[in-house]
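The values are calculated or read from the model by the stated rules, or taken from the named source; none is laboratory data. No experiment lies behind these values; they were computed from the predicted model shown. Note: ideal-geometry Cβ built from the backbone for every residue, glycine included; neighbour counts use all protein chains shown. Ligands, DNA and RNA are stripped out before the accessible areas are found, and what is left, the full protein with its side chains, is counted by its heavy atoms. Shrake-Rupley method; radii C 1.70, N 1.55, O 1.52, S 1.80 Å.
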Amino acid sequence: MVEDTGFLPGLSPVCGKPVQVAFDGGRLSSDAGVLLLAEVERKLGIAERLARCVADPRAPEQIEHSVAEMIRFRALAIAAGYPDANDCDALRRDPAFKMAVGRLPETGVDLCSQPTMTRLENLPGPVALKRMMMAMIDLFCDSFAQVPRRLVLDIDDTEDRAYGQQQLSLFNAHHDSRCFMPIHIYEAITGKPVAIFLRPGKTPDGVEVCLVLRHVVRAIRSRWPRVDIVIRGDSHYGRPEAMAWRERNRVGYIFGLAGNTILLRRVTDVAEQTALDRLAAPPGSKLRRYAELRYGAKTWKTERRVIARVEASGQGVDSRFIVTNLAGLPKWLYETVYCARGLLRQAQDEGREPDQGPQAASRLGPHLMHQGNRQPVPPARAHRRLLADAHAARRGAQDVLLA
């Protein structure tokens with residue numbers, strides 16, 4: 001009997017190169033990229049940081065899979081495109097994942113199964129989850145070689161669709177789906193993630209926004225007491241409770257502000273003049289004007305600085321508003337500071353570099369831009385002065401300087 005050669009002979013060559021098909025490759029994997037991710041994770045120590053926040057109720061002598069190993073396995077599986085814990089049953093013997101977690105690919109013990117991973121996901125309580133998020137904020141602070149002079153934090157929520165009737169998943173009419181609405185906070189100048197909070201699929205109210213920002217700001221300032229912080233976001237983050245807390249704690253903010261009949265009436269003169277000036281402009285062009293006013297809504301305890309952007313085009317006149325306690329020219333605050341929030345996310349969606357695209361309103365932007373020529377503005381130039389002291393929220397409160 002002829003001895004097995006281990007490969008299939010007689011295949012046609014390709015471009016003069018011989019082709020061989022062998023069956024002695026052993027246990028193979030198509031997810032070798034997790035080995036690179038595992039090296040990054042080990043240098044950052046993410047799994048160990050999070051594992052220290054969770055109390056393990058298991059008997060130590062019976063533990064086969066540590067909490068840190070399971071967190072590392074789950075995080076790498078999600079990063080590799082396996083979002084469900086059910087995938088652990090198929091990946092627990094994968095040689096690449098075993099090596100990434102720290103076990104030998106052939107003789108090492110298999111990784112945890114889906115039931116074990118599910119128990120891990122249900123293990124942390126509210127206190128442990130808060131500790132885990134504080135650990136991620138510490139990781140963010142540790143990523144800086146030097147203490148920064150200022151941080152620009154972009155806050156926003158995003159749709160996370162849920163399968164079935166999961167706990168805390170709600171129907172959101174804006175997204176037309178049952179979903180969660182986790183809050184994301186990124187540092188805008190560097191693009192680094194700061195904190196992410198899983199929450200029900202509804203718009204956050206003022207108390208929740210204030211609570212989230214209070215935890216994040218206090219955690220950062222416990223490390224860097226003198227750092228200047230500016231927070232940017234959409235209109236539903238400009239809650240009166242949150243703005244009042246920022247003014248009391250010397251935190252700058254710039255948020256979108258939903259228009260109403262009072263605001264539109266107060267910029268009527270600017271809107272009419274912009275529409276008239278646009279008639280003399282070339283066809284198809286747009287014309288922008290800016291106005292500044294002091295405005296106090298019924299739910300506010302003080303008047304605040306509101307900037308109006310009025311734009312006239314062939315489709316009519318459009319007015320947008322932002323509220324801020326920052327000092328600076330209205331055009332600069334709107335176009336360079338506020339509109340820079342969408343640069344990185346829009347560029348990533350369209351496969352471009354962040355400095356190649358127009359403005360959009362979203363949560364993530366790595367640096368500040370001019371809207372006219374779209375040239376990046378170095379952060380050191382865009383923020384030339386430090387935040388000045390601000391009084392508590394009251395009528396005539398001093399603006400926080402960032403100009």
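Some values worked out for this structure:
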{"item": "Two-decimal log10 I(q)/I(0) for the range 1-137, as the Debye equation yields it once each C-alpha is a single scatterer, q = 0.17, 0.21 Å⁻¹", "result": "-0.94, -1.30"}
{"item": "Gap separating the Cα centres of the range 126-182 and the range 323-337, nearest whole Å", "result": "27 Å"}
{"item": "Phi-based couplings in Hz for the range 50-62 (Karplus 6.51, -1.76, 1.60; Gly and Pro marked x)", "result": "6, 5, 5, 8, 10, 7, 8, x, 6, 5, x, 6, 10"}
{"item": "Net charge contributed by nearby residues that have their C-beta within less than 13 Å of residue 53 (K/R +1, D/E -1)", "result": "+1"}
{"item": "The range 46-122 - Rg and Dmax from Cα coordinates, angstrom", "result": "11.8, 33"}
{"item": "5 angstrom amide H check on residue 153, placed H, neighbours 5+ away", "result": "188, 230, 231, 232"}
{"item": "Rounded to whole Hz, the Karplus (6.51, -1.76, 1.60) HN-Hα couplings of the range 120-128, x for glycine and proline", "result": "5, 5, 8, 6, x, x, x, 5, 5"}
{"item": "Around residue 288: net Lys/Arg minus Asp/Glu count, Cβ-Cβ under 13 Å", "result": "+2"}
{"item": "Convex hull volume of the range 55-209 per residue (C-alpha atoms, cubic angstrom)", "result": "163 Å³"}
{"item": "Accessible area (Å², per residue) of the range 198-250, counting only protein heavy atoms and a probe of 1.4 Å", "result": "41 Å²"}
{"item": "Area of residue 156 that stays accessible when all protein chains are in place (1.4 Å probe, Å², to 10)", "result": "10 Å²"}
{"item": "Qualifying lysines (Cα of each under 24 Å from Cα of residue 286; at least 8 residues distant if same chain)", "result": "331"}
{"item": "Carbon plus sulfur fraction of accessible area for the range 160-316, probe 1.4 Å, in percent", "result": "53 percent"}
{"item": "For the range 218-289 versus the range 183-200, the gap between their alpha-carbon centres in whole angstrom", "result": "21 Å"}
{"item": "For the range 187-344, the Rg and Dmax computed from alpha carbons only, in angstrom", "result": "17.6, 56"}
{"item": "Per residue accessible area in Å² of the range 91-169, where ligands, DNA and RNA are left out and the probe is 1.4 Å", "result": "54 Å²"}
{"item": "Neighbourhood net charge (13 Å Cβ-Cβ; Lys/Arg +1, Asp/Glu -1) for residue 322", "result": "+4"}
{"item": "The range 157-271 shape via C-alpha gyration tensor axes, a/c threshold 1.5", "result": "oblate"}
{"item": "³J(HN,Hα), Karplus 6.51/-1.76/1.60, whole Hz, each residue of the range 109-117, x for Gly, Pro", "result": "5, 4, 6, 5, 8, 5, x, 5, 5"}
{"item": "Peptides ranked, highest mean first, by Cβ atoms within 10 Å: ranges 115-127, 276-288, 212-224", "result": "212-224, 115-127, 276-288"}
{"item": "Listed peptides 78-86, 177-185 by packing density, highest first (mean Cβ within 10 Å)", "result": "177-185, 78-86"}
